[in-house]
Amino acid sequence: MNLSGVLVVAKPEWVEQVVASLQGLPGVEVHQTDAETGRIVVVQEAADIHAELDALKRIKAVPHVIMAEMVYHYIAEDDKVYDQLPPELQADAGEACAIPTYLQD
């Protein structure tokens with residue numbers, strides 16, 4: 001099981017609609033909102049890192065979401081052993097950090 005904290009930002013006038021959409025996503029819980037700034041704190045649960053990244057993509061695709069970024073990540077009870085980072089998280093030679101493919105479009 002993977003848990004991640006995600007900061008979601010929407011325009012203040014859309015916060016309620018975005019929160020309702022987020023609460024409809026599987027494995028997603030909204031924990032805090034700030035209607036004045038449009039910030040929403042979300043915790044998501046996923047089976048593994050690939051499901052976690054897919055869930056983050058779904059959050060980013062919610063209408064009226066300006067930004068959604070994972071700010072915390074925790075792996076618990078993951079039986080799969082990773083001998084390296086998944087390809088979408090690996091940095092190319094000379095890069096400071098990897099840019100996931102879905103952000104390169």
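Things worth noting here:
- Within segment 61-79, the set of residues being in contact (Cβ under 8 Å) with a residue 12 or more places away in the chain and not aliphatic (A, V, I, L, M) comprises Pro63, His64, Glu69, Tyr72, His73, Tyr74, Glu77, Asp78.
For every residue, the table says whether it meets (1) more than 15 Å from Asn2 (Cα to Cα); (2) under 10 Å from the mean Cα position of the chain (by Cα).
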position: Asp34; (1), (2): yes, no
position: Gly38; (1), (2): yes, no
position: Val41; (1), (2): yes, no
position: Ala47; (1), (2): no, no
position: Glu52; (1), (2): no, yes
position: Ala55; (1), (2): no, yes
position: Val62; (1), (2): yes, no
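- Hits in segment 1-43 (condition: hydrophobic (A, V, I, L, M, F, W, C), assigned to a strand (DSSP E or B) and either in contact (Cβ under 8 Å) with a residue 40 or more places away in the chain or under 14 Å from Asp54 (Cα atoms) (or both)): Leu3, Val6, Leu7, Val8, Val9, Ala10, Val28, Val43
- For segment 75-93, the criterion of a residue being in contact with a strand residue (DSSP E or B) (Cβ under 8 Å, 6 or more places away or on another chain) and modelled with pLDDT under 70 is satisfied by at least one position.
The values are calculated or read from the model by the stated rules, or taken from the named source; none is laboratory data. Fair warning: this is a prediction, and the values are worked out from it, not measured in the lab. Cβ: placed from backbone, ideal geometry, glycine included. Neighbour counts: every protein chain shown.
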